[in-house]
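The values are calculated or read from the model by the stated rules, or taken from the named source; none is laboratory data. Every value quoted in this text rests on a predicted model; they were computed, and no experiment measured them. All Cβ positions, even for glycine, are placed from backbone atoms using ideal geometry, and neighbour counts span all protein chains on display.
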Amino acid sequence: MPEPILEVRGLVKHYPLTRGILLRKQIGAVKAVDGVDFHLDRGETLGIVGESGCGKSTVAKMLVNLERPTAGEIRYKGEDITRLSGKALKAVRRNIQMVFQDPYTSLNPRMTVGDIIGEAYDIHPEAAPKGDRRRRVRELLDVVGLNPEYLNRYPHQFSGGQRQRIGIARGLALRPEIIVADEPVSALDVSVQAQVINLLDRLQKEFDLSYVFIAHDLSIVRHISDRVGVMYLGRIVETGTDTEIYDHPTHPYTQALLSAVPVPDPEAREDRERIILAGDVPSPTNIPSGCRFRTRCWKARERCALEVPALAVPAAFRDEGGPAAHDSACHFAEEKRVVPAEGSGGHGGGPG
Amino acid sequence: MLLEVRDLHVEFHTRDGVARAVNGVSYGVDAGETLAVLGESGSGKSVTAQTVMGILDTPPGRITGGEVLFEGRDLLKLKEEQRRKVRGAEMAMIFQDALSSLNPVLTVGDQLGEMFTVHRGMSRKDARARAVELMDRVRIPGARERVKQYPHQFSGGMRQRIMIAMAMALEPKLIIADEPTTALDVTVQAQVMELLAELQRELRMGLILITHDLGVVADVADRIAVMYAGRIVETAPVHDIYQAPAHPYTRGLLESIPRLDHKGRELYAIKGLPPNLTRIPSGCPFHPRCPMARDVCRTDVPPLYEVSPRRGSACHFFRECLDA
């Protein structure tokens, strides 16, 4: 098996809560990320889904070194990048770039598009010789579907979708191998969203990119991902290929999450089973003992409060094989289909 | 008809010229019915709703034509004083962002109770008791204690429940919900939509649901009106539109969303961008982005053709679109 391009082990990020001004005493911690493991193979897309506050954006920030992990390893081609600093860190960062959610606040309004994209070459001068930079920027604008003549315009002269393309061009400037995209299309209108998703798809093939794609929209994640990890309260609770997760989920949280997504098909309205979860997500300062989902789980029993379920193939499916046999952190994992079967009515066919 | 909007026109005066936000919108809602108004940003869906509700800022907005008939009465002809009696008591609105719609320095009990002290002339004590009842009704646990808390002490889903409670307080006949669940997580969205649908059934209210989410529409709506550039481009019962859209824009929207139930190949993307409302294209406003556009589309504004007795489409070639 080839070595994964990125491997994350036991990743933890705790933000300390302190009291007192002179004598700062730690009285607790916000456990934003609390033990996450995954790997990313070359050329593949790993989708990470979860609701707000589950820690998915904190994971993204740690991958690109905008946050330092409290514990754990992030291995890029076998090398733990959390311990790097100085030159060695800078060299690695060139290869892992980020695309942000909000195309309005992530572009400096006082810089031209050419400067925004070209800034990468000021930081990493070895990536492009000085005289060649404008040509490179023009090329990048063309690659993401913008007119190369827009070089001297400012961000406010562009629509939301176009700005997101600028953000993508900036991410591509240094020819990275990995792109971490944190909710890259959630601020866009439906018709523009499709354009940007198709662009990301095309760029992946063209530049042999590996994506970590973070989003809360389960339909988009399915569309773009080869494998999916479902996060809840700082941990991945279930992970597998898109078919394994969407058509054969075994963790109750994944099942509830999928069943809550409205499907654009009114025929599915009556016969679809909805799992409505009770209550809200617990605070990450006070994570429940044992299984962290147990306070909202309809299957919870005594064992769930005592024992932390490991993220592994559940014993019940271990011998059977098949699509239900994938990693799921539940003591009582059971397969349950909650997404209506494909082609059960609704709309099909190509555009007119 | 409980509410009927007829040929409504609204424009805004901006530095770049006149933005024509609503250009002849007509729709209606019956008691107990849910009408979904679907559109992208800038389609005029929220401006229409604000005009119906009487909360449009004028200026910069200006209503240049049309009628808003509520139980037969034209609301646009009422004086502000009379209008205020309709608002809250007969029709109410739920907004997208509950945190910025609630007053941060008043307890939720005070804000809910205000509905009763202002509109019903109740004492503060009675109003407080009604506030607790309402919070129970929208299933906020521990209502008796939480009535004394401030909005920031509630989660997003709970705040949206408070907004719903406030809208329901005087048992209005019509509720307008503008993207009520867009800011919420999916599991919470499901809870809130279920609550809203249940209360609507119980009280037999008309509901106008403004949204951009085709999934939510399929879940709860009876009828749909699709808006583009300030016009209704297609209106139909919910089942018909998902079976076979009669307008290329609706078709494009349905094709461009990724599906939960299968992986799919490349997404269909409507080319280009929604129009600038100060420079709406001639003829059919969708023609620059339309795969079916012909010469007539550039010159003639399509009327809302009758597709069947309960369906309308503003496309010169709706038959072709249906057959496609």
Name the residues in segment B:287-324 that are touching a Pro at 6+ places or on another chain (Cβ under 7 Å), within 18 Å of B:MET227 (Cβ to Cβ) and surrounded by 19 or more Cβ atoms within 10 Å (Cβ to Cβ), would you? B:HIS287, B:CYS290, B:ALA314, B:CYS315, B:CYS321
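Test A:LYS31 against the criterion of being surrounded by fewer than 23 Cβ atoms within 10 Å (Cβ to Cβ), at negative phi and assigned to a strand (DSSP E or B), and give yes or no.
Working: surrounded by fewer than 23 Cβ atoms within 10 Å (Cβ to Cβ): yes; at negative phi: yes; assigned to a strand (DSSP E or B): yes.
Yes.
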Scanning segment B:179-222 for residues that are touching a residue at least 40 places away in the same chain (Cβ under 8 Å) and among the acidic types (Asp, Glu), which turns out nearest to the other protein chains (Cβ to nearest Cβ)? B:ASP222
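Can you give me the ranges of the helices (runs of 4 or more DSSP H) entirely in segment A:241-294 with at least 3 residues that are within 7 Å of chain B (Cβ to nearest Cβ) and under 30 Å from A:GLY321 (Cβ atoms)?
Numbers: elements: A:242-247, A:252-260, A:268-271.
Here the list reads A:252-260.
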Among (1) under 23 Å from the mean Cα position of the chain (by Cα); (2) in contact (Cβ under 8 Å) with a residue 24 or more places away in the chain, where does A:GLY114 come up short? (1)
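Given the options B:GLY157, B:GLY109, B:GLY113, name the one that is of a type outside the set (Phe, Trp, Tyr), in contact with a helix residue (DSSP H, G or I) (Cβ under 6 Å, 6 or more places away or on another chain) and within 29 Å of A:VAL190 (Cβ to Cβ). First the steps, then the outcome.
On the way: B:GLY109 fails: within 29 Å of A:VAL190 (Cβ to Cβ); B:GLY113 fails: within 29 Å of A:VAL190 (Cβ to Cβ).
Going through B:GLY157, B:GLY109, B:GLY113 in turn, just one is of a type outside the set (Phe, Trp, Tyr), in contact with a helix residue (DSSP H, G or I) (Cβ under 6 Å, 6 or more places away or on another chain) and within 29 Å of A:VAL190 (Cβ to Cβ): B:GLY157.
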Sole exception among (1) surrounded by fewer than 21 Cβ atoms within 10 Å (Cβ to Cβ); (2) in contact (Cβ under 8 Å) with a residue 40 or more places away in the chain; (3) in a strand (DSSP E or B) for B:ALA31, by number: (3)
Out of all the residues in segment A:93-111, is one or more over 30 Å from B:SER41 (Cα atoms) and in a helix (DSSP H, G or I)? yes
May I ask you to list the residues in segment B:176-205 that are outside any helix (DSSP H, G or I) and either closer than 30 Å to B:PRO274 by Cα or polar (S, T, N, Q) (or both)? B:ILE176, B:ALA177, B:ASP178, B:GLU179, B:PRO180, B:THR181, B:THR182, B:ALA183, B:LEU184, B:ASP185
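Enumerate the helices (runs of 4 or more DSSP H) found wholly within segment B:246-324, keeping only those where 1 or more residues are within 12 Å of another protein chain (Cβ to nearest Cβ) and at pLDDT 90 or above.
On the way: elements: B:248-256, B:295-299, B:318-323.
Correct list: B:248-256, B:318-323.
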Within segment B:127-154, restricting to residues that are over 13 Å from B:VAL108 (Cα atoms) and in contact (Cβ under 8 Å) with a residue 24 or more places away in the chain, the one that is nearest to the other protein chains (Cβ to nearest Cβ) is B:ARG139
